[in-house]
1. Just checking, does segment 120-140 include any residue being among the charged types (D, E, K, R), open to solvent by less than 100 Å² (accessible area, probe 1.4 Å) and over 20 Å from the mean Cα position of the chain (by Cα)?
2. Can you work out which of the residues in segment 1-35 that are over 15 Å from the mean Cα position of the chain (by Cα) and among the aromatic types (Phe, Trp, Tyr) is nearest to Phe86 (Cα to Cα)?
Amino acid sequence: MRKILNEFREFAVKGNVIDLAVGVVVGGAFSKIVTSLVNDIIMPVVGMLTGGINFSEYKIVLKEAVGKSPAVTLNLGNFIQTTVNFIIISFCIFIFIKGLMKLKKATLKEEIAVEEEKAEKISEEVLLLRDIKDLLQNQN
């Protein structure tokens, strides 16, 4: 039992698990923002352009409600709404990832430049040490 707890502790404190948890929380919040963007900003404009159709209420009745049995409907408006949400969320994530990749490339370029500078300094130091060694050998 102790071994399992230790393995679980190691698993839980790994950076990947924590990063994943943060990603899920941020993704949930991001999804709410994009859903609001679609519902409150984009869909009213689309509705206006399409003659005032409110897509969220658009449905085709296949069978009318009879007595206690509810109507059977195709909720096309909800499908359109969900599809638009998906496209916009996907596009926003694409733009966000693209920005992160640019930032990562810039950071990587800076790290490479620093490493190259260090390599040049090491090379200069090695050359200087070789010159000193040669001078000492010539004196002997």
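The values are calculated or read from the model by the stated rules, or taken from the named source; none is laboratory data. If you're wondering where the values come from, they're calculated on a predicted model, not measured in any experiment. To get the accessible areas, we keep the full protein, side chains included, count just its heavy atoms, and leave off ligands, DNA and RNA. Shrake-Rupley method; radii C 1.70, N 1.55, O 1.52, S 1.80 Å.
1. Checked segment 120-140: at least one residue is among the charged types (D, E, K, R), open to solvent by less than 100 Å² (accessible area, probe 1.4 Å) and over 20 Å from the mean Cα position of the chain (by Cα).
2. Phe11
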